[in-house]
Amino acid sequence: MSVTTATKQQWQEMDRAHHLHPFTDFKELNERGTRVITRAAHINIYDADGREYLDGMSGLWCCNLGYSRTEIVDAVTRQLKELPFYNNFFQCAHPPSIELAKVLADITPSHMNHVFFTNSGSEGNDTVLRMVRRYWDLENQPKKRMIISRINGYHGSTIAGASLGGMAFMHKQFEPLPYVTHVQQPYWYGDDGAHSREEFGVLAARALEQKIEELGPDNVAAFIAEPVQGAGGVIIPPETYWPEIRRILARYDILFISDEVICGFGRTGKWFGHEYYGMEPDLMTFAKAVTNGYQALGGVMVGERVVEVLNSGGGEFGHGFTYSGHPAACAAGLATLRILREENILGHVATPTGPHLARRWAELADHPLVGEARTLGLFGALELVRNKKTRERFTPAGRAGMLCRQASLDNGLVMRATGDTMIIAPPLICSVAEIDTLVERSRAALDQAARELGVA
C-alpha cells in the first residue's frame, strides 16, 4: 500500500502500530488517534479531513516564511543534484557551508564571525557545553565547570540540552548533568504578586548573582538563557531584567550563551532576541527558522573572545556530527536568509504587524478566562485563570489549557498550550488582516473553552 494513497484511518492505524511521537502520552494518543497533516500553503495547514487551520505556531517556531517558498525548495533541489552530501570533517568543506557561514557572520553582531554547524538546537546546546569546557581549560581555569540556567527554560531534548533546560517533568525521566544548576525565571505574572514588574525584574536577575556567590565565581563557567522563554510560555522578561543580568555577568567574568533557537531570525523584529535587549553573548545557538523549517540545520555562533582562545590553544576540538553543515541544509539556509533580507521581513514585524498584534492581542485581556495577554514582536501568550484578581488557576493544572487548545483547533487555529498558558508564534509574513483573523479565532476558542469550564 502506498502511503500517499492511504485513507485517514489507514494512516492512523499505521501510526498507532509503528510511530512513537515526541513529548506524547503514548497510551492517550493510541486511544485518540493522531491528527494527520497532509499539506500546507502560505500560513495554513490542512489535515486528512481537508480542514484548514491558520498555523499560529509556524510549524514548531520554524516556518517564519510560511509554507510556499519555492525559492528554498529550488535551492535545495539544485544542491542535491550538484553535491547531495559531503562532510566537513578531515579539513574539508563545501561551498554551501562556507557561504552560509559568511552570511551568518554578516547578520550577527560584529564580534561573532565564526559558526560551528549542527543539525538542531539540541545539538547546538550540546556543543556549547563542550566548547565552554574547552575554552576554560585552555585558559588554565579548570575549576570553571558549573553552568547556570533558568527554571522552566528550554534548551533541547538531548541529555545535555534537557539538563540545561529547567523543566522538572523532563528531569524526572533521566539523570541530569551534575554541573548544571538553575535559578529563578523572569516570570512576573506566574511567580510574583508582591512586586511591580520592574522590581521583580531586578529581583529575578539577582537570583543569578546569588547563585554565582553560592557556587563561587571561580567555579562558574557560563550562564545560558533564551532572550524570551519560548516553550516555557512566551515569558517576556521585565525591562529591568536584562540590564541587571549584563551587569552581573560582567562583574564575575561569566560567559553568556544566548539560546536563539526560537527568538532568532526576526521573531522579535530584530535579527536576534539578544539584540532587542542589548546583550552581547559569547556564544549563540540557533536552528529552526534558519532554513524556514525546510531542512534540519542548527549551529553555534562563537564570539571572538572564545574563538581566539580555541584557535591559539592547539590540539583537536573533539566534537562534531556527520551531517554538520549538510550541503542541502546550508542551501536552504542561504535561500531563507536571502528572502528575509530582500523582502525586509524584520521591518514588516517591527511595523506594522508586531504593533498590530500587540494592540489586537491586548483586547483579549477583557475575556473572563484571561489574566494577562502579552506580546513581543510576533510572539504572544494568554494566561488562563479562574480568578483575574488573585491569579487563581483552574484545577487540575493544565486542563484549561488543553480545552482551549482543542477549542482553537475546532475554530481553525493552531495555538499551543503550555500548562494553562496559551502561546502563539505565527509566521512573520502574516498580513494585518491575517493577524485580525488569528485574534478573532483565538477569542472564539476562549469563548468555547469558557463554556466547557463553566465560566460565564
- Message: I'm told Pro217 meets every condition in (1) more than 14 Å from Pro281 (Cβ to Cβ); (2) buried (at least 20 other Cβ atoms within 10 Å of the Cβ) except one. Can you identify the failing condition by its number?
- Response: (2)
- Item | strands (runs of 3 or more DSSP E) within the range 182-293 that include 3 or more residues touching a Gly at 6+ places or on another chain (Cβ under 7 Å) and either farther than 27 Å from Ala417 by Cα or modelled with pLDDT of 95 or more (or both) | 283-286
- Task: Looking only at the range 19-38, decide whether some residue is assigned to a loop (DSSP other than H, G, I, E, B) and of a type in the set (Lys, Arg).
- Result: yes
- Query: Can you name every residue in the range 220-249 that is surrounded by fewer than 24 Cβ atoms within 10 Å (Cβ to Cβ), within 16 Å of Arg374 (Cβ to Cβ) and acidic (Asp, Glu)?
  - Reply: Glu239
- Message: So for the range 302-320 (the condition being on the phi < 0 side of the Ramachandran plot and either assigned to a strand (DSSP E or B) or outside the structural domain of Asn88 (by TED's automatic domain parsing) (or both)), does at least one residue qualify?
- Response: yes
- Filter the range 89-146 down to residues that are over 27 Å from the mean Cα position of the chain (by Cα) and in a helix (DSSP H, G or I) and give me whichever is nearest to Gly165 (Cα to Cα). Trp136
- Task: Name every residue in the range 385-440 that is over 23 Å from the mean Cα position of the chain (by Cα), part of a loop (DSSP other than H, G, I, E, B) and either exposed (fewer than 15 other Cβ atoms within 10 Å of the Cβ) or of a type in the set (Asp, Glu) (or both), in order of residue number.
- Result: Lys389, Thr390, Thr395, Pro396, Ala397
- Message: Can you confirm whether Tyr53 is surrounded by 15 or more Cβ atoms within 10 Å (Cβ to Cβ), modelled with pLDDT of 95 or more and not in a loop (DSSP other than H, G, I, E, B)?
- Response: yes
- Residues satisfying the stated conditions in the range 207-243, i.e. acidic (Asp, Glu) and over 16 Å from Gly161 (Cα atoms): Glu209, Glu213, Glu214, Asp218, Glu239
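The values are calculated or read from the model by the stated rules, or taken from the named source; none is laboratory data. Note that the coordinates shown come from a computational prediction; the quantities given were computed from them, not determined experimentally. When we count neighbours, we look across all protein chains shown, and the Cβ atoms used for this are built from the backbone with ideal geometry, even at glycine.
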